[in-house]
Amino acid sequence: MPIKGCVFNGNHPQTYAIFGDSLASSLTPALAERLDSMNIGLQQITHSFCAPVADVSMVSHQARDCGAFNAAAIDYLISSRVKTVFLAASWKIFFEQSRYMFKGEEVATSDVGQRLRDAFDRTVGELTSAGIRVVIIYPHPRGDTEIAAKVAKLMHKGTPAPTITIAQDEFLKQSAPSYTYLDDPEDTRVLRVDPAKIFCGMETGRCDLAREGKTFIFDKVHFTPAGAEAVADEIMVTLGRDHMADTNGMAALSSE
């Protein structure tokens with residue numbers, strides 16, 4: 001782990017990792033390109049339908065191997081030379097299931113709130129305790145239909161540069177449960193990237209899924225290259241701020 005085809009720029013002396021489901025996969029190429037320019041490699045550790053949360057999986061047939069996959073991924077990361085891990089997933093889908101599997105035991109939603117929170121906190125805690133910086137990628141606006149196909153259809157009908165939006169209040173309502181869980185871990189090694197800053201606020205009260213012909217979401221959830229590039233740029237800004245904070249902290253200690 002990871003397989004050879006999921007290691008990007010592996011010749012660099014420093015390597016980061018992205019850990020998550022197919023959403024993380026859609027973000028990987030753009031992130032790898034930006035890290036490459038900084039002489040940093042990227043390992044993609046992803047599995048469809050598997051949010052990066054220890055000992056928990058959705059009940060669906062496609063997610064049946066998530067518990068074992070996530071356990072192996074966390075063990076690998078802790079023993080590896082990776083010192084920064086990005087956690088990315090379709091958080092809304094994961095945190096709104098009707099039933100979950102906890103270590104092989106199926107549990108109804110009414111009983112899982114604190115167990116989900118504990119599992120996510122434990123995942124982050126295991127990584128940070130190993131000296132790994134964790135970057136949580138928050139939810140992004142999503143569509144109720146395939147966005148790229150809708151843009152293409154509008155263009156075919158004569159709209160040269162379609163913009164497709166959802167109400168920002170609707171997005172915030174959709175994302176509220178996920179934010180509750182993702183906000184919980186408290187550790188100085190945890191950074192957070194909120195894609196809503198990119199896709200929402202161009203005009204008051206709206207979030208853009210496509211903007212003037214540039215499509216950010218391919219289907220209902222996954223990023224297009226343009227969407228991934230926008231999020232990757234925001235990630236780099238967050239990493240840059242953290243680097244500056246570390247530099248300033250060391251300078252302050254040196255002056256004392």
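The values are calculated or read from the model by the stated rules, or taken from the named source; none is laboratory data. None of these values were measured; they are calculated from a predicted model. Ideal geometry is used to build each Cβ from the backbone, glycine not excepted, and the neighbour counts take in all protein chains shown. Side chains are part of the model used for accessible areas, which takes the heavy atoms of the whole protein and leaves out ligands, DNA and RNA. Shrake-Rupley method; radii C 1.70, N 1.55, O 1.52, S 1.80 Å.
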For ALA196, the lone unmet condition from (1) open to solvent by less than 50 Å² (accessible area, probe 1.4 Å); (2) at pLDDT 95 or above is (2)
Go over the candidates ARG189, ARG142, ARG117 one by one and state the one that is in contact with an Asp or Glu (Cβ under 6 Å, 6 or more places away or on another chain), surrounded by 13 or more Cβ atoms within 10 Å (Cβ to Cβ) and at pLDDT below 95.
ARG117
Counting only residues that are in contact (Cβ under 8 Å) with a residue 24 or more places away in the chain and either out of contact with any Cys (no Cβ under 8 Å at 6 or more places or on another chain) or on the phi > 0 side of the Ramachandran plot (or both), how many does segment 151-168 have?
7
Any residue at all in segment 39-52 that is touching a strand residue (DSSP E or B) at 6+ places or on another chain (Cβ under 6 Å), closer than 26 Å to LYS173 by Cα and open to solvent by less than 50 Å² (accessible area, probe 1.4 Å)?
yes
Taking ALA32, is it farther than 18 Å from PRO177 by Cβ and surrounded by fewer than 24 Cβ atoms within 10 Å (Cβ to Cβ)?
yes
Tell me whether segment 108-116 contains one or more residues that are small (Gly, Ala, Ser), touching a Phe, Trp or Tyr at 6+ places or on another chain (Cβ under 9 Å) and under 30 Å from ILE40 (Cβ atoms).
no
Taking segment 204-244 as the region of interest, how many residues are touching a Ser or Thr at 6+ places or on another chain (Cβ under 8 Å) and either open to solvent by 40 Å² or more (accessible area, probe 1.4 Å) or β-branched (Val, Ile, Thr) (or both)?
10
All but one of (1) touching a residue at least 40 places away in the same chain (Cβ under 8 Å); (2) buried (at least 19 other Cβ atoms within 10 Å of the Cβ); (3) in a helix (DSSP H, G or I) hold for PHE171; state the number of the condition that does not hold.
(1)
Within segment 147-167, which residues are open to solvent by 50 Å² or more (accessible area, probe 1.4 Å), assigned to a helix (DSSP H, G or I) and of a type outside the set (Lys, Arg)?
ALA149, ALA152, LEU154, MET155, HIS156
If I ask for residues that are open to solvent by 40 Å² or more (accessible area, probe 1.4 Å) and modelled with pLDDT of 95 or more, which ones from segment 73-82 would you list?
ASP75, TYR76, ILE78, SER79
Selection from segment 92-114 of residues among the small types (Gly, Ala, Ser) and either surrounded by 18 or more Cβ atoms within 10 Å (Cβ to Cβ) or closer than 20 Å to PHE49 by Cβ (or both) yields SER98, GLY104, ALA108
